[in-house]
1. Only one of these is surrounded by 12 or more Cβ atoms within 10 Å (Cβ to Cβ), within 23 Å of the chain's Cα centre (by Cα) and closer than 12 Å to Ile15 by Cα: Val67, Val61. Name it.
2. From the set of residues in segment 163-190 that are over 23 Å from the mean Cα position of the chain (by Cα) and assigned to a strand (DSSP E or B), which is farthest from Thr153 (Cα to Cα)?
3. Would you be able to say whether some residue in segment 115-123 is among the polar types (S, T, N, Q), more than 25 Å from the chain's Cα centre (by Cα), surrounded by 11 or more Cβ atoms within 10 Å (Cβ to Cβ) and modelled with pLDDT of 90 or more?
4. Of everything in segment 58-92 that's touching a helix residue (DSSP H, G or I) at 6+ places or on another chain (Cβ under 9 Å) and β-branched (Val, Ile, Thr), which residue is nearest to Val134 (Cα to Cα)?
5. Which is surrounded by 12 or more Cβ atoms within 10 Å (Cβ to Cβ) and not aromatic (Phe, Trp, Tyr), of Asp204, Asp213, Asp222?
6. Is it the case that Leu21 is within 25 Å of the chain's Cα centre (by Cα), at pLDDT below 80, outside the structural domain of Leu132 (by TED's automatic domain parsing) and surrounded by fewer than 16 Cβ atoms within 10 Å (Cβ to Cβ)?
Amino acid sequence: MFIVFFRAIILYAVIVFSIRLMGKRQLGELQPSELVVTVLLSNIATLPVENVSIPMIMGIVPILTLVSLDVILSHLSLKFRPLRKAICGSAKIIISGGRIDQKVMKDLRFSVDDLMQSLRSQQVFDISQVQLAVVETTGKISVYQRLRYQNVTCGDMNISGEDADPPKLIIDSGKVLAEPLHSLGFDRAWLDSILKAQGRQVRDIFLMTCTEDGSTAIVPFDDAKGGKSA
């Protein structure tokens, strides 16, 4: 039993390392080649765990080989567009000028339910609002709405102002996150002074965010369900 446990831990570490090499992707964002590698990795990893007579190297070598191949192909596809198209496919326009291309839907085996579900995921519930829709290589649909249904922006209203990054998380569950804090130009001494002025300590903070100008938002730990902003 200990051997199986030990082998499972090793293979888990190898799989995590391999997935990190492939890049950060959610399951729904995987390209076809990445999905194939992911499925193969899971199948290969189970063999040495279930059968202790199989040497560990017989599981590790194929895993690293597949991941290395995927990484190499990814780099090559960045330089050679035909290769990228052959491996990942290409985006397809499914709605153009407000009209649905039924031939493309048939080629992609996209049903009306699939289309409507994808539009709803983009907060579009009325297909007449869509000017252009593109099926990406991951299967996700990108939507461009007709002009009169688009959200009004500051540029549309001629509202001027300075661009600024959104607030960053600097305390997470009672622990200070040094990297985002320093990236904002502040240090631990500054943070302690802010908390001291409010009569708080780091260990009492569930989460805390901060902007570039030093504005903060704090949610303390709460014994009851949920938290209260401060």
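The values are calculated or read from the model by the stated rules, or taken from the named source; none is laboratory data. Predicted, not measured: the structure shown is a model, and the values here were computed from it. Positions of Cβ are generated from backbone atoms using ideal geometry, with glycine treated the same way; all protein chains shown enter the neighbour counts.
1. Val67
2. Per the criteria, the residue is Lys175.
3. No, segment 115-123 contains no residue that is among the polar types (S, T, N, Q), more than 25 Å from the chain's Cα centre (by Cα), surrounded by 11 or more Cβ atoms within 10 Å (Cβ to Cβ) and modelled with pLDDT of 90 or more.
4. Among residues in segment 58-92 that are touching a helix residue (DSSP H, G or I) at 6+ places or on another chain (Cβ under 9 Å) and β-branched (Val, Ile, Thr), the one nearest to Val134 (Cα to Cα) is Ile87.
5. Only one candidate qualifies: Asp204.
6. yes
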